[in-house]
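Student: First, the structure itself, so that you have it in front of you.
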Amino acid sequence: MTTTTTTSSGIRRAAGPAPARLPGAWTLGLHRGALELRQFFRQREQVVFTFAFPVVFLALFASIFRDDVRGAGVTASQLYAAAMIASGVMSTSFQSLGVSIALERDEKVLRRLGGTPMPPAAYFLGKLWLVLVSGIAETVLLLAVGTACFDLELPTGAATWFTFTWVFALGLTGCALLGIAISSVPRSGKSATSVVVLPFLVLQFISGVFISIDTLPDWMLNVGALFPLKWMCQGFRGVFLPESAAVLEQAGSWEYGRIALVLGAWCVGGLVLCLLTFRWKSHRDG
Amino acid sequence: MGMADEAVRVRGLCKRYGAVTALDGVDLGIRRGEVFGILGPNGAGKSTTVEILQGHRSRDAGEVTVLGRDPASGGRRWRSRIGIVWQDESAPAELTVRETVRHFARYYPRSRDPEEVVGLVGLEDKAGSRIKALSGGQRRRLDVALGVIGDPELLLLDEPTTGFDPAARRQFWELIRRLADEGTTIVLTTHYLDEAEALSDRLAVIATGKVVAEGAPAELRERHGGRATVHWRETGGGARHQETETPTRTVAELMRRFDGEIPGLRISRPTLEDVYLRLTGQLDEQPGEAAR
């Protein structure tokens, strides 16, 4: 087989040089990331919906429950503010990707990409850039609201910020991969929102976001513990709350080692799940 | 014709969807540099054929070679040599025409100049517009722009002009001819007869999963068209016609019967449409009759 070709009238092509190198996945991933961000921020409704949701819930819950939590040295508002950051990270990664990729598949944007020589890795890298930027923006927003209105205190030590960074990075990656995986479940773009939002909503109840962790029944917590959200909440509480609040946790401590283990496992498992289940075409296209 | 001159070679291609047989032993040979039309009624297997050539659908049996490779295991390098224009398209609505074309250019090792391609499809005036603001015809032209941005050796178009108004179709034909002049091999499916005739160097008629005829449009008419029909009016006013292999002889006979002009004299040859309808089993009567 030869890649240089001559055609009956193809002077242009016949004169062409030897086959040029295919563009790399990393570079294309950066370009795709820029493109994803541009698209995302041009859809004003989606931007408002994505960013406002966790802020609205934080404002509601942290205003309704303000009292001191007995024996923990924190207020209920502070608990909510910390956990809601985890929820915000999951909303910008899991929910946002789950819905948007399902829509892109339904609208055949994915099929078109599959018809180009774009390496699939570039597509996923682009999504990760989108999720990283929007996840950081969401977190900054929640931190601002939390510190301004709900007595959230920013940590001062570098070690604590380091903990924050790895919980954020592992949680975001794991949730993004889960979002990519769940995008293959809805049979059409229309049903995507319900398919993605319902499990996320349930997780927020059983992972200690909406309902304080010490009031949830153990079996619910154990189910929640199978998924990343519970561990992200726990990690962020560890970062933003005083040591005394650890008594509220199921184990009575922040369990950083276990957090890293579970979130890391979700990153690996999520990647495998994506590679096994990702489809460029919708169910209808076969 | 040697295999090296063939851009596409298909032998004994079969595809089933459950109990439905979509393709039942299709053979095709498409030469480099030609415009090849695949013609057939809805559901005949045109799109399935093109999707298999694109590498986007699996096959159950048969040999398929596109630009020297099996599409099922084409790879990135192979993809970069092929342009695809899908039947139902979608491009990211929030981006502008220019942004989209420029971005897609990055995917290819040696792309065409994005500005030039936007001009080629006649979207210069819309280059800064968001895609969601384009009309259907303009979107279709963007689809073509994205199909040719990688400077493909082979362009596969699936019913590219469905939904176009007549003027837009003519513009589109001009575009296809220009690409063909540049040496691009073009394969297009259509159910418009005039389109197939106007654009194709050769065409294949597919019906119920089989190629029922293949050749240049004029050849097909000759080979499958059958006889000519001579029409005239009797002195009393009654319209008459006669099918014949030898229309000149029939006219000579009429000249003897009529003194001077033969009233309403007309000789018709079967159109490509007649041939097509008969080949695809959508017409049982004699070819000359159908057009009337």
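Student: For the range A:222-246, which residues satisfy the criterion of being exposed (fewer than 14 other Cβ atoms within 10 Å of the Cβ) and either touching a residue at least 60 places away in the same chain (Cβ under 8 Å) or within 26 Å of A:Thr156 (Cα to Cα) (or both)?
Tutor: A:Pro242, A:Glu243, A:Ser244
Student: Take the residues in the range A:105-163 that are outside any helix (DSSP H, G or I) and within 14 Å of chain B (Cβ to nearest Cβ); name whichever of them is most open to solvent (accessible area, probe 1.4 Å).
Tutor: Checking each candidate, the answer is A:Glu107.
Student: Here's something else I'd like to know. Can you name every residue in the range B:10-31 that is more than 22 Å from B:Glu197 (Cβ to Cβ) and surrounded by 19 or more Cβ atoms within 10 Å (Cβ to Cβ)?
Tutor: Scanning the range B:10-31 gives B:Val10, B:Leu13, B:Lys15, B:Ala22, B:Leu23.
Student: For the range A:78-93, does any single residue satisfy the condition of being within 14 Å of chain B (Cβ to nearest Cβ) and either among the basic types (Lys, Arg) or open to solvent by less than 40 Å² (accessible area, probe 1.4 Å) (or both)?
Tutor: no
Student: Any idea how many residues of the range A:30-68 are within 14 Å of chain B (Cβ to nearest Cβ) and part of a helix (DSSP H, G or I)?
Tutor: 17
Student: Report every pair of residues separated by at least 6 positions or lying on different chains whose Cβ atoms are under 6 Å apart, first residue within the range A:192-205 and crowded, with 17+ Cβ neighbours inside 10 Å, second not in a helix (DSSP H, G or I).
Tutor: A:Ala192/A:Pro186; A:Val195/A:Val185; A:Val195/A:Pro186; A:Leu203/A:Phe227; A:Gln204/A:Phe210
Student: In the range B:252-275, which residues are of a type in the set (A, V, I, L, M, F, W, C), open to solvent by less than 60 Å² (accessible area, probe 1.4 Å) and touching a Phe, Trp or Tyr at 6+ places or on another chain (Cβ under 9 Å)?
Tutor: Here is the first cut: in the range B:252-275, the ones of a type in the set (A, V, I, L, M, F, W, C) are B:252, B:254-255, B:258, B:262, B:265, B:267, B:272, B:275.
From what is left, the residues that are open to solvent by less than 60 Å² (accessible area, probe 1.4 Å) are B:252, B:254, B:258, B:262, B:272, B:275.
Those that are of a type in the set (A, V, I, L, M, F, W, C), open to solvent by less than 60 Å² (accessible area, probe 1.4 Å) and touching a Phe, Trp or Tyr at 6+ places or on another chain (Cβ under 9 Å): B:Leu254, B:Phe258, B:Ile262.
Student: When the range B:205-258 is examined, which residues are found to be aliphatic (A, V, I, L, M) and closer than 30 Å to B:Gly29 by Cβ?
Tutor: Once the filter is applied, which keeps residues that are aliphatic (A, V, I, L, M) and closer than 30 Å to B:Gly29 by Cβ, the range B:205-258 yields B:Val205, B:Ile206, B:Ala207, B:Val211, B:Val212, B:Ala213, B:Ala216, B:Ala218, B:Leu220.
Student: In the range B:161-199, which residue that is open to solvent by less than 10 Å² (accessible area, probe 1.4 Å) and of a type in the set (Gly, Ala, Ser) is farthest from B:Val121 (Cα to Cα)?
Tutor: Per the stated criteria, the residue is B:Ala196.
Student: Take the conditions closer than 28 Å to B:Ser111 by Cα, outside any helix (DSSP H, G or I) and either in contact with a helix residue (DSSP H, G or I) (Cβ under 7 Å, 6 or more places away or on another chain) or hydroxyl-bearing (Ser, Thr, Tyr) (or both) and apply them to A:Leu22. Does it pass?
Tutor: Judged against the criteria, A:Leu22 is a match.
Student: Take B:Leu28 and decide whether it is within 9 Å of chain A (Cβ to nearest Cβ) and out of contact with any helix residue (DSSP H, G or I) (no Cβ under 6 Å at 6 or more places or on another chain).
Tutor: Here the answer is no, as B:Leu28 does not meet what is asked.
Student: Do any strands (runs of 3 or more DSSP E) lying entirely in the range B:44-160 carry at least 3 residues that are crowded, with 21+ Cβ neighbours inside 10 Å, and which ones are they? Spell out how you get there, then give the answer.
Tutor: Numbers: elements: B:61-66, B:82-85, B:154-158.
Counting at least 3 such residues, we get B:82-85, B:154-158.
Student: Residue by residue through the range B:208-228, note down the ones that are at pLDDT below 90 and either in contact with a strand residue (DSSP E or B) (Cβ under 6 Å, 6 or more places away or on another chain) or not β-branched (Val, Ile, Thr) (or both).
Tutor: Answer for the range B:208-228, where residues must be at pLDDT below 90 and either in contact with a strand residue (DSSP E or B) (Cβ under 6 Å, 6 or more places away or on another chain) or not β-branched (Val, Ile, Thr) (or both): B:Pro217, B:Ala218, B:Glu219, B:Leu220, B:Arg221, B:Glu222, B:Arg223, B:His224, B:Gly225, B:Gly226, B:Arg227, B:Ala228.
Student: Turning to a different aspect of this structure: Just the residues that are hydrophobic (A, V, I, L, M, F, W, C) and more than 14 Å from chain A (Cβ to nearest Cβ), please, taken from the range B:31-67.
Tutor: B:Ile38, B:Leu39, B:Ala44, B:Ala61, B:Val64
Student: If you don't mind, there's one more thing I want to ask. Restricting to the range A:243-286, name every residue that is within 30 Å of B:Gly55 (Cα to Cα) and among the small types (Gly, Ala, Ser).
Tutor: A:Gly269, A:Gly270, A:Ser282, A:Gly286
Condition check ((1) free of Cβ contacts under 8 Å to residues at least 60 places away in the same chain; (2) out of contact with any Leu (no Cβ under 7 Å at 6 or more places or on another chain); (3) within 13 Å of chain A (Cβ to nearest Cβ)) across all residues:
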{"position": "B:Thr96", "(1), (2), (3)": "yes, yes, yes"}
{"position": "B:Phe104", "(1), (2), (3)": "yes, no, yes"}
{"position": "B:Gly119", "(1), (2), (3)": "yes, yes, no"}
{"position": "B:Glu124", "(1), (2), (3)": "yes, yes, no"}
{"position": "B:Ala127", "(1), (2), (3)": "yes, yes, no"}
{"position": "B:Ala133", "(1), (2), (3)": "yes, yes, yes"}
{"position": "B:Gly136", "(1), (2), (3)": "yes, yes, no"}
{"position": "B:Arg140", "(1), (2), (3)": "yes, yes, no"}
{"position": "B:Val148", "(1), (2), (3)": "no, no, yes"}
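The values are calculated or read from the model by the stated rules, or taken from the named source; none is laboratory data. On a predicted model such as this, the values are computed, not experimentally measured, just so you know. Cβ atoms come from the backbone with ideal geometry, glycine included; neighbour counts cover every protein chain shown. Just so you know, the surface numbers come from the protein's heavy atoms only, side chains and all, with ligands and any DNA or RNA stripped out. Shrake-Rupley method; radii C 1.70, N 1.55, O 1.52, S 1.80 Å.
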